[in-house]
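Novice: Next up is a structure, given as structure tokens.
The values are calculated or read from the model by the stated rules, or taken from the named source; none is laboratory data. Everything numeric in this text was worked out from a predicted model, so none of it was measured. Backbone-built Cβ (ideal geometry, glycine too); neighbour counts: all protein chains shown.
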Amino acid sequence: MASTLFILNEAPYGSERAYNALRLAGTLAGREGQQVRVFLLADAVGCGRAGQKLPEGYYNVELMLGKVARSGEVGLCGTCMDARGMKDADLAAGTKRSTLKELADWTVEADKVLVF
């Protein structure tokens, strides 16, 4: 099984980096024989916030992240969450508070690491 780790640093909206990373992660997660993990750092922890409400026709990164979480793993940097006032109760379904140690473990285990 091929393993890909996506590390996101950008805010969920304002640029399209998180959007494009999650498009690719979701596409890979839907393929047979692929293990996909996503780790959200810095402003990217906002991607994992539950209850995002956007104008009709606008992409929703919470929903995109959910697609990855159904077949892979999604971790949010706990330190980054704390710095932005996010609580565990704010997390979207299928995501979890994580640590830099887990990111290091996922990095060592991955065949590919993509940073956005």
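Novice: Of (1) within 13 Å of Met64 (Cβ to Cβ); (2) in contact (Cβ under 8 Å) with a residue 60 or more places away in the chain, Ala2 satisfies all except one. Which?
Specialist: The number of the failed condition is (1).
Novice: While we're looking at this one, here's another question. Mind checking which strands (runs of 3 or more DSSP E) fall wholly inside the range 63-116 and carry at least 1 residues that are buried (at least 19 other Cβ atoms within 10 Å of the Cβ) and at pLDDT 95 or above?
Specialist: Answer list for the range 63-116: 73-77, 95-98.
Novice: Go through (1) at pLDDT 95 or above; (2) surrounded by fewer than 21 Cβ atoms within 10 Å (Cβ to Cβ); (3) assigned to a loop (DSSP other than H, G, I, E, B) and name the single condition Arg23 misses.
Specialist: Of (1) at pLDDT 95 or above; (2) surrounded by fewer than 21 Cβ atoms within 10 Å (Cβ to Cβ); (3) assigned to a loop (DSSP other than H, G, I, E, B), only one is false for Arg23: (3).
Novice: Right, here's the next one. Can you tell me which of Gly72, Gly30 is under 12 Å from the mean Cα position of the chain (by Cα), at negative phi and in contact (Cβ under 8 Å) with a residue 12 or more places away in the chain?
Specialist: The conditions single out Gly72.
Novice: Does the range 31-62 hold any residues that are of a type in the set (A, V, I, L, M) and either surrounded by fewer than 18 Cβ atoms within 10 Å (Cβ to Cβ) or part of a helix (DSSP H, G or I) (or both), and which are they?
Specialist: Ala42, Ala44, Val45, Ala50, Leu54, Val61
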